[in-house]
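Below you'll find the structure, written out as structure tokens, and then a few comments.
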Amino acid sequence: MPDITISSAVRSNLNALQSTSQLMSSVQEKLATGKKVNSALDNPNSFFTAKGLENRANDLSTLLDDMGQSVQTLKAADKGISAISDLVDAAKAKANQALQTSSQSERQQFASEYNELLTQIEDLAKDSGYKGKNLLGGTGNDLSVIFNEDGTSSLSISAVDFTDTSSSTGLSLSDLASGDSGTASIALTNGTATTALTAGDTLVSDDDFTAGDTLTLTDSTGTELGSLEITASTTVQDLTDFLDDSSADVSATFSAGSVAITADYEVTVDSDASGFTAISSTHSTTNGFSSDSKIESTLDSLTSAQNTLRAQASTFGTNLSIVENRQDFTNALINTLEEGAGKLTLADTNEEGANLLALQTQQSLASTSLSLAAQADQNVLRLF
């Protein structure tokens with residue numbers, strides 16, 4: 001294709017128009033993207049510096065999400081400790097109730113309810129996790145919170161084990177013994193003949209019993225469960241019925257000249273007659289609230305457990321404050337980084353808008369000037 005020759009004036013105006021068009025495209029891109037530096041070609045130094053700031057801000061933003069999840073894990077543990085503390089208070093109330101009564105039957109019931117509270121404490125501790133991490137669950141649940149992009153700034157939070165109340169590293173609260181059944185027997189013989197009495201025989205047939213005596217049944221705290229006044233007509237069956245009906249936790253049966261007594265706690269049959277030897281049931285274990293000293297010991301353990309809970313709540317509270325403080329700091333730092341990147345790359349839309357208006361005016365003038373230059377070249381046609 002042969003070269004096209006244009007005059008100097010036309011070429012000059014054409015170049016000006018092309019330059020103005022390129023500048024307009026650049027200004028329009030800045031207005032469209034809001035950035036004055038859109039690639040390394042625009043300003044390599046500003047572009048790569050801003051990119052580094054933006055990358056760090058993105059890394060910190062990811063860590064910020066992890067910090068938020070760590071805060072929730074700490075809050076879940078704190079809620080668990082608060083609820084466990086309430087259950088420990090309830091266990092204290094049970095121990096104090098046991099201390100206020102001398103009835104072994106009631107104390108045994110309170111011991112059973114106390115054990116149920118300990119079970120609930122363990123279950124609650126197991127349910128205090130968040131997204132698979134339980135700070136009350138012991139081994140394998142330690143939490144590490146990273147605060148900066150290279151991992152050199154972090155916080156390690158050690159988990160505690162409240163899922164086993166008897167653990168010495170936890171609350172050190174052991175289940176109370178429920179108490180086993182103990183037995184005692186009263187042998188009944190017919191005086192010196194050593195002949196076993198039958199159910200219908202009178203008690204006074206036995207040398208150990210005398211009309212006018214009073215038999216009493218008491219538990220280990222000295223609480224009287226019942227009494228029986230012996231008369232000349234009181235039979236062996238009357239004695240058996242008295243013992244069997246005295247308490248729901250005591251049963252008695254007569255067989256082969258002997259009254260067998262079975263009780264869930266220690267009971268004693270005694271008489272106001274000096275010749276009668278007291279008979280007590282025997283137990284390998286008694287319930288955990290059977291004596292005041294046992295209850296006092298349990299209350300001491302509960303107080304210690306409550307102190308442990310409060311100390312751990314304080315520790316988690318301190319950790320929570322640290323993580324939330326770093327969360328706020330990281331938020332502020334991300335804003336600072338993004339603002340710094342923006343100062344290097346963001347365009348001044350007011351300035352670029354004014355530039356575009358000026359370029360549009362310049363383009364219009366250049367188009368008019370090009371038209372005039374072309375018309376001047378066309379004057380030669382008038383010679384023909």
A student applying the Cα gyration tensor rule (rounded when a/c is under 1.5; otherwise prolate if a/b is larger than b/c, oblate if not) would label region 139-274 prolate
Bins of 10 Å, starting at 0 and running to the largest distance - Cα pair percent for the chain: 4, 15, 12, 10, 9, 9, 8, 7, 6, 5, 4, 4, 3, 2, 2, 1, 0, 0
Name the most mobile residue of Ser255, Ser291, Ser70, meaning the one with the largest mean-square fluctuation, in a Gaussian network model of the chain with Cα contacts below 10 Å. Ser255
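Would you kindly calculate the translational diffusion coefficient of region 243-329, applying Stokes-Einstein with the Kirkwood radius from alpha carbon pairs, for 25 °C and a viscosity of 0.890 mPa s, and quote it in µm² s⁻¹ without decimals?
Value of D from the Cα-based Kirkwood radius: 134 µm²/s.
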Region 76-153, convex hull of Cα, quarter of hull surface, nm² -> 6.7 nm²
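Pairwise over distinct Cα atoms, reciprocal of the mean inverse distance: report the Kirkwood radius of region 151-202 in Å, one decimal place. Write down the numbers at each step before the final one.
Numbers: mean 1/r = 0.0562 Å⁻¹.
So the Kirkwood estimate lands at 17.8 Å.
Computed over the Cα atoms of region 112-209, what is the ratio Rg over Rh, Rh following Kirkwood?
Numbers: Rg = 30.5 Å, Rh = 19.0 Å.
That ratio is 1.61, to two decimals.
Would you work out what percent of the accessible area of region 200-292, with all protein chains in place, is carbon or sulfur (probe 1.4 Å)? List each step's numbers first, then the result.
Numbers: 1780 of 4050 Å².
Accessible surface attributable to carbon and sulfur in region 200-292 totals 44 percent.
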Interatomic Cα distance distribution for region 34-95, bins of 5 angstrom, percent: 4, 14, 11, 10, 9, 7, 8, 6, 6, 6, 5, 4, 3, 3, 2, 1
At 222 nm, what helix-only mean residue ellipticity would the chain give, in deg cm²/dmol to the nearest 500, using -39500 (n - 2.57) for each DSSP H run of four or more? -19000 deg cm²/dmol
Post the alpha-carbon centroid distance, region 290-341 to region 101-163, in whole angstrom. 13 Å
For the chain, whose charge dipole is built from +1 on Lys and Arg Cβ atoms and -1 on Asp and Glu Cβ atoms, the candidate among Thr119, Asn15, Tyr130 with its Cα farthest towards the positive end is Asn15
Spread of Cα-to-Cα distances over 10 Å intervals beginning at zero, given as percent, for region 206-258: 22, 54, 24, 1
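The values are calculated or read from the model by the stated rules, or taken from the named source; none is laboratory data. In this text the structure is predicted, and so the values were computed from the model without any measurement. Quick reminder, even Gly has a Cβ in these numbers, built from the backbone with ideal geometry, and neighbours come from all protein chains shown. Surface areas here come from the heavy atoms of the whole protein model, side chains and all, with no ligands, DNA or RNA. Shrake-Rupley method; radii C 1.70, N 1.55, O 1.52, S 1.80 Å.
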